[in-house]
Amino acid sequence: MADKLGLDYDEVVILKETSVAHGGVMALYADELILTNKKIICLSKGMFGGTKKTYHYPLNQIKVFNGVPQVQKGKLSNGTPSLDIYLVDGEEHFNFQSKNKQTIAIWIEEIQKLFGVSETYASTRQRNSSDDDDSVIGAFKEVGEEFKDAGRQIAEAF
C-alpha cells in the first residue's frame with residue numbers, strides 16, 4: 001500500500017477515510033482521503049473501485065494565517081458541510097458519507113496538530129466560528145443534528 005500512496009520512508013499515515021466525495025455537490029462518495037505527517041492524499045476511485053487518479057496536497061502548500069492552517073468546516077451549495085482546505089494555488093472541498101460533521105472536526109483538529117496549533121486554541125476557535133448560531137434557533141438546530149446523528153448510529157447498529 002505504501003508504494004501505491006508514494007509515501008516517503010519517514011512518512012506515516014495519521015488518518016484514513018473511505019466513502020469521501022471530492023470536488024462538489026455532484027461528486028460521488030467513492031474516493032479515499034489519507035492524511036500523513038507530510039501531505040493529504042486523495043485517491044479518486046472509478047466505478048469498479050480502481051484508482052483513477054491520485055492527488056497529493058503537501059501540507060506546506062496549505063495557507064497559514066497567524067500560525068493556523070486555513071482548514072475549516074464549510075458548506076457546499078446544497079448546504080452539506082464540507083472540509084475546506086485552502087491551498088496556495090486553490091482550494092479543495094471534501095465531505096464524508098458517514099458522520100460528516102464529526103469527521104470534518106477530527107480532520108481539522110489533526111491537521112492543526114501537525115502545524116503545532118494547540119487543542120485549546122482550536123476548540124475556542126471552533127466555538128467562536130461564524131457558522132455557529134448562538135440564538136435559540138441555533139440551539140434547536142444543534143440538538144436536532146445530534147438526534148439525527150444518534151439515529152443514524154442506532155440504525156447502523158441494526
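Some values worked out for this structure:
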item: T54-K101 pseudo-label distance in nm [points 7 Å out on the Cα-to-Cβ vector]; result: 3.6
item: Formal net charge of residues neighbouring E32 (Cβ-Cβ distance under 12 Å; K, R +1; D, E -1); result: +3
item: Per residue, in Å², the accessible surface of region 56-110 once ligands and nucleic acids are set aside, probe 1.4 Å; result: 50
item: Extension reserve of the F115-V64 stretch, reckoned as 0.36 nm per residue once the Cα distance is removed; result: 17.4 nm
item: ³J(HN,Hα), Karplus 6.51/-1.76/1.60, whole Hz, each residue of region 76-88, x for Gly, Pro; result: 6, 4, 8, x, 5, x, 9, 8, 9, 10, 9, 9, 4
item: Net charge of neighbours whose Cβ lies under 9 Å from the Cβ of Y57, counting Lys and Arg as +1 and Asp and Glu as -1; result: 0
item: Förster radius 22 Å - calculated FRET efficiency between V12 and V88, Cβ distance, rounded to 0.05; result: 0.40
item: Local net charge near T18, Cβ-Cβ under 12 Å (Lys/Arg +1, Asp/Glu -1); result: -1
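The values are calculated or read from the model by the stated rules, or taken from the named source; none is laboratory data. The structure presented is a predicted model; accordingly, all values stated were derived computationally and were not measured. Cβ: placed from backbone, ideal geometry, glycine included. Neighbour counts: every protein chain shown. Side chains included, ligands, DNA and RNA excluded: accessible areas come from the protein's heavy atoms. Shrake-Rupley method; radii C 1.70, N 1.55, O 1.52, S 1.80 Å.
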